[in-house]
Amino acid sequence: MSDHDLELVKLKKVYPGGTLAVEAFDLKVKKGEFISFVGPSGCGKTTTLRMIAGLESITSGNLLIRGKDFTTVRAEDRPTATIFQNYAIFPHMTVAENIAFGLQVRGKEPAEVKRRVDAIIETLQIGDIRDARESALSGGQKQRVSLARGLVTEPDILLLDEPLGALDANLRKSIQEELKILQRDLGITFIFVTHAQSEALSMGDRVVVMNSGRVEQISEPFELYTRPKSPFVARFIGRNKIIEGKLGGLSDGRATVETAFGPLAGIPSFDAGHVASGGAVFVVAPSEYVEILPAGQAAAEPGYDTISGTVSTIEPVGQVVYVTVELPGMAPIRIEAYRDKIEGAGLAPGASVDLRWKAERATVVAA
Amino acid sequence: MQSNNLLRTILGAYTGLFILFLYGPFIVMGILSFQAGPEGGPQFPIIEWSTYWYQHVFGLTPPSRVAPLPIGEALLRSLTLAFATMVVSTVLGTLTAQGFRRNFRGSGFVFYLVVLGMMVPGVLLGLGMALVADQVGIDRTWWGTAFVLHVVYTFPFAFLVMLAIFNRFDKSVEEAAWALGVPPGRTFRKVTFPMIFPGVLSAMLFAFTLSYDEFPRTLFTAGSDVTMPIAIYGTFAVEIHPNIFAFGVLTTLFSFALLSVYGVLMTLSVRRAKTAAVQEEIA
């Protein structure tokens, strides 16, 4: 018996036309873990999910569920259940029939089917719609029915393909929380595909970031947010300020980078020797850590990275203001700051400012 | 405004003509079918209103110089043939359309090959089939050579109907079934088929009606035991009596009955979903 509910070993998918959809995907998922797959559309996250479900053939590599090889097993014989983006409720069956279908196919006794269907209907609180058909259901109700239909078969792994994509923002929020609680209570492993980074970060125990068929990073949400490992992740996740430069040197776990603003420091995301001295890198600073100060005040404090620019606009939005700062040689940066702080410092458009952050908060990634 | 009125007039006239030509022949036939018999002929004026020719169709009149329509067996043959054609064409059409849901090599070629069956002129196909049958030494029969041509002719219609249905079919419902552990065969029976059933009904209706009144392909291939359209044609090759009109009226009523059954089945399958929706709204 393996400790892992799911293992992907160099999973690869090439479509018949020769398009590479997923490349060398390695992942080990512990029992009861909630994994989010996130990335732009076409990055291969849904294809990977469909390979796990058995709806897409695997070109090479292996798929193990609880230590058993399922690489070539057909979809109907896999211990997984899938929740589809459009829910795919069977329109000619009632809600209860939809839920019972998977159990009936497994040849369960009618009494057991009824007991289990009743139980899951109770859990998801959909008793009032048990005899309704798909055409009568709202988006949120369809979502619950499709969850019930998947969970009633007691799968080892629940696969969710953008299940919240079709819901409005408020409902999304509440179902996100419900899903998370449900998953914790049931202890079932969830693989959750989404294109929304906030969703991936708030739901996942670990997050897999994908881009053009490749896995960019697999990390816990906080680490992903604060320590991106590639320029793609730095741009896709969070609100990072990204400054390009050349690697100066590595020492004591710090990297120094030569940039247009002078030397900046940060924690490297790569191993020593991976990037040669003088190689292209980016300094990534999460905007939450960026302070804005009138020019000159930031000087002479050690352990900070500082860059200088000119304020171009200040947009107040209630308590906070968005300050746009023009920087020489790169795109302007928008900083969020408290209104009283900006007004207290007497900053106005045209003022010279320094932007600074603690060097230990910054990450240096290979370009 | 001016041009709007003009357009309205033209459209009105067009609709009037359309209805006239659609129903005119049938109405004239319907009126003439009530001509007095056996002396009354297929022309106005009506000598006297009577149901003589209806009785004549069913052989309830005393023998006269007008021979009874030879339709008893022909009608049975036509219905049997139409039914068999409907079953075979609908099954084939549905399965072929199902096959076309995946792109396979040569699918374009196969598509045109199938559709050719309804494009080739019927007379040519009938004549060609007759020649081939004679060469090979197959007897020409309504249940053999004619049946094959009926399938060749109606199968493309059923196929195109089902292709359109599958085009709008949401594949993820089938995938959901597989993911729930339902094998493909059972998925087709329990999920796909119930969802495409209205389309299957339409395909059946097409196949049945097209086969039922098929003439040119049948003329050369049915052999000596003819189907109804050929039998009817045979009678008015000599002389036309209003008994044919009476029969025409009966056939049309039969077709309407068939359409009504189709309509009722359609409404039922649509309403089932709707009722659930309404109940939900009330609750």
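Each value in this text was obtained by applying a stated rule to the coordinates, not by laboratory testing. Here the structure is a predicted model, which means the values were calculated and not measured. Glycine also receives a Cβ, built like all others from the backbone with ideal geometry; neighbour counts cover every protein chain displayed.
Observations, loosely collected:
- Here region A:323-367 is treated as a sphere whose radius is the Kirkwood value from Cα pairs; by Stokes-Einstein at 25 °C and 0.890 mPa s it diffuses with a coefficient of 193 µm²/s.
- Projected-area mean, region B:2-57, by convex hull of Cα positions, square nanometres: 4.8
- If you look at the Cα atoms of region B:72-240, you get an Rg and a Dmax of 18.7, 67 Å.
- When chain B is treated as a Gaussian network with alpha carbon springs shorter than 10 Å, the biggest mean-square fluctuation among B:Gly59, B:Gly16, B:Gly24 belongs to B:Gly16.
- For chain A, built as a Gaussian network whose Cα springs stay under 10 Å, the top-fluctuating residue of A:Thr46, A:Thr313, A:Thr194: A:Thr313
- Think of each Lys and Arg Cβ as +1 and each Asp and Glu Cβ as -1; about the Cα centre, that makes the dipole of chain B roughly 1000 debye.
- Remark: spin-label model distance B:Val28-A:Gln319 equals 8.8 nm, labels positioned 7 Å along the Cα→Cβ axis.
- The lysines whose alpha-carbon is closer than 26 Å to the alpha-carbon of A:Lys246, local same-chain residues fewer than 8 away aside, are A:Lys229, A:Lys358.
- Here A:Ala111 and B:Val91 are evaluated by their C-beta separation; at R0 = 35 Å the FRET efficiency comes out at 0.40.
- Cα pair distances exceeding 17 angstrom across region A:219-263, given as percent: 45
- The C-alpha atoms of region A:239-366 occupy a region whose extents along the principal axes are 47, 25, 24 Å, arranged from largest to smallest.
- Calculated FRET efficiency for the pair B:Leu259/B:Ser50, C-beta based, R₀ 45 Å, to 0.05: 0.95
- 10 Å Cβ neighbours from other chains, averaged over peptide A:70-77: 3
- For q = 0.19, 0.22 Å⁻¹, Debye-computed log10 I/I(0) when each Cα of region B:192-276 counts as one equal scatterer: -0.94, -1.09
- With each label modelled as a point 7 angstrom along the Cα→C-beta vector, the A:Asp156-B:Tyr233 pair spans 6.7 nm.
- Region A:168-217-region B:159-220 distance, computed between alpha-carbon centres (Å): 38
- Proximal aspartates and glutamates relative to A:Lys30, as straight alpha-carbon distance under 14 Å, when same-chain residues fewer than 8 apart are discounted: A:Asp3, A:Asp5, A:Glu7, A:Asp156, A:Asp205, A:Glu220
- Those lysines that a straight Cα-Cα span of less than 26 Å connects to B:Lys190, excepting residues fewer than 8 apart in one chain: A:Lys108, A:Lys114, A:Lys142, B:Lys171, B:Lys274
- Inter-label distance for A:Ala276 and B:Phe104, nm, one decimal - labels placed 7 Å from Cα along Cα-to-Cβ: 5.5
- Region B:75-166, Rg to Rh (Cα coordinates; Rh as Kirkwood inverse mean 1/r): 1.02
- Taking A:Pro332, A:Pro40, A:Pro110 as the candidate residues, the one with maximal mean-square fluctuation in a Gaussian network model of chain A, Cα springs under 10 Å, is A:Pro110.
- Three-way shape call for region B:1-128 based on the alpha-carbon gyration tensor, with the a/c threshold at 1.5: oblate
- Euclidean distance of C-alpha centroids, region B:1-78 and region A:261-328, integer Å: 91
- Overall dimensions of chain B, expressed as equivalent-ellipsoid semi-axes from the Cα gyration tensor (√(5λ), whole Å, largest first), are 40, 29, 20.
- Ranking B:Thr221, B:Phe109, B:Trp49 by how far each Cα lies toward the positive end of the dipole of chain B (charges on Cβ) leaves B:Phe109 at the top.
- Peptide B:166-179 shows a mean partner chain C-beta count of 6 within 10 Å per residue C-beta.
- Ratio of Rg to Rh over region A:87-222 (Cα coordinates, Kirkwood Rh, two decimals): 1.00
- What the Cβ-Cβ distance of B:Asn5 and B:Ala164 gives, at R0 = 45 Å and to the nearest 0.05, is a FRET efficiency of 0.75.
- In chain B, excluding the sites themselves, the longest stretch lacking any of the chymotrypsin sites (Phe, Trp or Tyr not before Pro) that are in a DSSP loop with at most 10 other Cβ atoms within 10 Å is B:105-283.
- Square roots of five times the Cα gyration tensor eigenvalues for chain A, Å: 47, 26, 15
- In Å, descending, principal axis extents of the Cα set of the protein assembly as shown: 126, 75, 58
- Looking at region B:63-119, the trypsin sites (Lys or Arg not before Pro) that sit in a DSSP loop and have at most 16 other Cβ atoms within 10 Å of their own Cβ are B:Arg65, B:Arg101, B:Arg102, B:Arg105.
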